[in-house]
1. If I filter the stretch 59-80 for residues that are of a type in the set (Val, Ile, Thr) and exposed (fewer than 14 other Cβ atoms within 10 Å of the Cβ), do I get at least one hit?
2. Can you pull out the residues in the stretch 80-126 that are of a type in the set (S, T, N, Q) and modelled with pLDDT of 85 or more?
3. Given 75, 81, which one is β-branched (Val, Ile, Thr), closer than 14 Å to residue 19 by Cα and within 13 Å of the chain's Cα centre (by Cα)?
4. Yes or no: the stretch 29-45 includes at least one residue that is surrounded by 14 or more Cβ atoms within 10 Å (Cβ to Cβ) and among the hydroxyl-bearing types (Ser, Thr, Tyr).
5. Given the conditions (1) closer than 14 Å to residue 113 by Cβ; (2) modelled with pLDDT of 95 or more; (3) of a type outside the set (S, T, N, Q), which single one is not true for residue 18?
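The values are calculated or read from the model by the stated rules, or taken from the named source; none is laboratory data. Here the structure is a predicted model, which is why all the values come from computation and not from measurement. A quick note on method: Cβ atoms are made from the backbone with ideal geometry, for glycine too, and the neighbour counts reach across all protein chains shown.
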Amino acid sequence: MIKWYKKALFENYANFNGRARRKEFWYYLLANYILLIIAAVIDNAAGLKIGVLPYGITYLVVAFGTLIPSLAVQVRRLHDVGKSGWFILVPIYNLVLYCTNGDQGENDYGSDPKSTGDEINEIGTE
């Protein structure tokens, strides 16, 4: 999971081109939510909350720091199913697209990430 998160966050920080597999997208999303929860817990424990909000400065730093890569991985995931990145503006339909298997072979947005040797295997070694 961490390797997929690092791939989306560091290797493709603001890369809105190309394609992202379901695995990359969902592992990135899971790791990001875990980090946001940890940041909110730190804010609450340290008394850094902003007013009545359940989060504070730590949460905001993590949230804003991962905003661009979050948008980028979503756009690349939409590209994997052959849709334009502008579909990000249709949230309900996106859930279906995020769960749909990507186009096999090359599409308008690039080659199939499953067939390019871009696999990070399950046991954590490359």
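1. First, pick out the residues of the stretch 59-80 that are of a type in the set (Val, Ile, Thr): 61-62, 66, 68, 73, 75.
Right, trim to exposed (fewer than 14 other Cβ atoms within 10 Å of the Cβ) and you get 61.
There is at least one residue in the stretch 59-80 that is of a type in the set (Val, Ile, Thr) and exposed (fewer than 14 other Cβ atoms within 10 Å of the Cβ).
2. If the condition is that a residue be of a type in the set (S, T, N, Q) and modelled with pLDDT of 85 or more, then 84, 94, 100, 101, 104, 107, 111 are the ones that fit.
3. Checking each option against the conditions leaves just 75.
4. no
5. Just one mismatch for residue 18, condition (2).
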